[in-house]
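The structure under discussion appears below in the form of structure tokens.
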Amino acid sequence: MQHTLSVLIPAFNEERALPLCVTNVKSALERVASLVGGSEIVVCDNNSTDRTAEVARSLGCRVVFEPKNQIARARNAAARAAIGDWLLFVDADSWPSPELLEDAIRLMSAGVHVGCGSTIKIVDGPRWFKWAWESKNLSMRLLKWCPGGFLFCDRTSFEAIGGFPEEYYIFEEAEFVRRLKRHGGKNGFRFVVLHKHPFSASGRKGSKYGLWSWMKTACSFWLSPQKKSKDKAFAEKWYDSRR
């Protein structure tokens, strides 16, 4: 029996980013059409003030609405609306290649993994931002952590751990993966980070805020990561309505 796949995209003021994201997701879904029992793309409009919902519908996506502007809630709202028994979370400014999605589908089909993520490739923006992210790829593979731009799991496990932690405004995916790995480990399942075909992501935030601004943010974060992850005011860069 083949699994059904839901690709879930949280989106806040992403009318400009969505076309590229969804177009690439559709290409990847075409690649794996014979490997799954059906697929869909669900966009969660996270209280946008632009045409995000309209653009998503024009691209053939199903749209749900989450009124509280918080990415963990948007991810969970999309998951609740999804019909798939496999869930793939993709950010609006990122996308998987067909090869990456095929690798993930074949991995999950083996039935021994609770989920998987991917290393990252920054496709534009300043060099320092590209280096800052891609230099983390080795640690992602070794420590089995990953960004939220490509995060795959089965619905049963997602529901067992309660979805994404809604007390977090940023790095909710890190806590989600930690809980997912713990849940999988108790039941004999593994979590892996794929690396042959990294997912693509925009470097727009590097262009927008600059190196010095991000250095100050990083230093402040690492002094108190748990507290800062739950601080909406600290997460301003992630929730800036200007895209």
Task: Sole exception among (1) small (Gly, Ala, Ser); (2) part of a helix (DSSP H, G or I); (3) within 20 Å of CYS21 (Cα to Cα) for ALA132, by number - done: (3)
Open item on the list: Any residue at all in the stretch 144-162 that's of a type outside the set (Val, Ile, Thr), within 22 Å of GLY203 (Cα to Cα), surrounded by fewer than 20 Cβ atoms within 10 Å (Cβ to Cβ) and in contact (Cβ under 8 Å) with a residue 60 or more places away in the chain?
Closed with: no
Task: Which listed residue, of SER34, SER6, is buried (at least 22 other Cβ atoms within 10 Å of the Cβ) and closer than 23 Å to GLY117 by Cα - done: SER6
Open item on the list: Given the condition in contact with a Lys or Arg (Cβ under 9 Å, 6 or more places away or on another chain) and in a helix (DSSP H, G or I), answer yes or no: does some residue in the stretch 141-150 qualify?
Closed with: no
Open item on the list: Just checking: which of the helices (runs of 4 or more DSSP H) contained wholly in the stretch 2-119 hold 1 or more residues that are modelled with pLDDT of 95 or more and within 16 Å of the chain's Cα centre (by Cα)?
Closed with: 18-31, 71-81, 98-109
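The values are calculated or read from the model by the stated rules, or taken from the named source; none is laboratory data. Bear in mind the structure is a predicted one, so any value in this text is a computation, not a measurement. Every residue, glycine among them, receives a Cβ derived from its backbone with ideal geometry; neighbour counts consider all protein chains shown.
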